[in-house]
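What follows is calculated from the coordinates using simple rules that are stated; it is not laboratory data. Quantities reported herein were computed from a predicted structural model and do not represent experimental measurements. All Cβ positions, glycine included, derive from the backbone under ideal geometry; neighbour counts span all protein chains shown.
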């Protein structure tokens with residue numbers, strides 16, 4: 001894949017999204033950056049090469065009308081997009097027995113799954129008319145490989161992202177648009193720094209972004225990063241339920257919303 005010229009990224013103000021923005025901007029890409037926090041978007045855009053090229057959109061990804069408006073603006077300004085990366089995500093611990101956590105389930109699915117759909121949808125028609133490599137990139141998680149104690153919302157939402165991207169890949173197979181599912185392990189970001197359990201093979205966000213860019217360029221359908229977590233994910237998937245339950249039923253849980 002030649003160096004992309006037009007890249008749209010959600011969740012761009014920090015973490016993986018910001019690292020991907022820096023990675024693509026370094027290659028000369030023109031970026032559309034969407035996130036909730038205007039000040040962080042402005043700071044990021046100003047730090048990138050050729051800041052005047054980039055467009056920022058301060059919006060919540062669960063405001064699907066605003067996401068579509070930003071997408072349409074980016075398409076109009078740049079005559080399309082080469083790569084769209086749905087990177088926005090949130091993570092909280094949840095316990096089904098706690099009634100208050102039902103609202104957390106709604107919020108996690110709205111951000112992690114539904115916003116991925118809302119991000120891709122406005123671009124598909126124009127991308128079908130374009131020539132050359134085109135990519136829709138969903139960001140999953142190794143947490144979506146097996147359900148973990150106290151993380152039902154996050155694990156289920158990321159498993160759903162994996163399945164959704166697989167479905168979309170089949171839908172678009174003859175269109176020339178590649179659907180890429182990237183599955184991060186533990187990446188050093190503000191979100192993972194709140195975790196209160198060991199994080200094996202913790203990867204700097206910048207290294208993740210560089211490797212993710214290569215995966216996207218190749219149009220790989222599914223890739224776990226770092227590769228060591230890919231091995232772990234395969235082993236977890238193969239582990240019989242009885243052994244899995246015995247090994248992880250007492251594992252530390254993620255923080256619930258509002259916990260210190």
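If you average the sequence gap of Cα pairs under 8 Å that are 6 or more apart and divide by the length of the chain, what percent do you get for the contact order?
Answer for the chain is 20 percent.
Neighbour counts of other C-beta atoms within 10 Å: give me 20, 170 arranged from fewest to most.
Arranged by neighbour count, lowest to highest, 20, 170 become 170, 20.
Quick one, which of (i) 161; (ii) 149; (iii) 124 is the actual volume of the Cα convex hull per residue in Å³ calculated for this model?
Correct label is (iii).
Once label points are set 7 Å from the Cα along Cα→Cβ at both residue 129 and residue 72, what is their separation, rounded to one decimal in nm?
1.4 nm
Taking the Cα atoms only, what angle lies between the long axis of helix 64-78 and the longest principal axis of the chain, rounded to 10 degrees?
Long axis of 64-78 versus the principal axis of the chain: about 40 degrees.
Restricting to bridges with both residues inside the stretch 6-248, how much of the DSSP beta-bridge set is antiparallel, in percent to the nearest 5?
Bridges in the stretch 6-248 that DSSP calls antiparallel: roughly 0 percent.
Could you please rank 126, 167, placing first whichever residue has the fewest other Cβ atoms within 10 Å of its Cβ? Walk me through the intermediate numbers first.
Working: 126 16, 167 11.
Ascending number of Cβ neighbours within 10 Å: 167, 126.
How much length is gained on full extension from residue 63 to residue 46, taking 0.36 nm per residue of separation minus their Cα-Cα distance?
Result: 3.6 nm gained on full extension.
Which residues in the stretch 147-174 place their backbone N less than 19 Å from a point set 7 Å from the Cα of residue 221 along the Cα-to-Cβ direction?
Label zone hits: 159-174.
Quick one: Cα centre-to-centre distance for the stretch 43-113 and the stretch 221-242, in angstrom?
If we compute the Cα centre of each part, the gap is 27 Å.
So what's the stretch 101-153 giving for Cα Rg divided by 2.2 N^0.38 Å, two decimals?
Numbers: Rg = 15.1 Å, N = 53, 2.2 N^0.38 = 9.9 Å.
Cα-based Rg divided by the globular estimate yields 1.51.
Taking the Cα atoms only, what angle lies between the long axis of helix 152-171 and the longest principal axis of the chain, rounded to 10 degrees?
40 degrees
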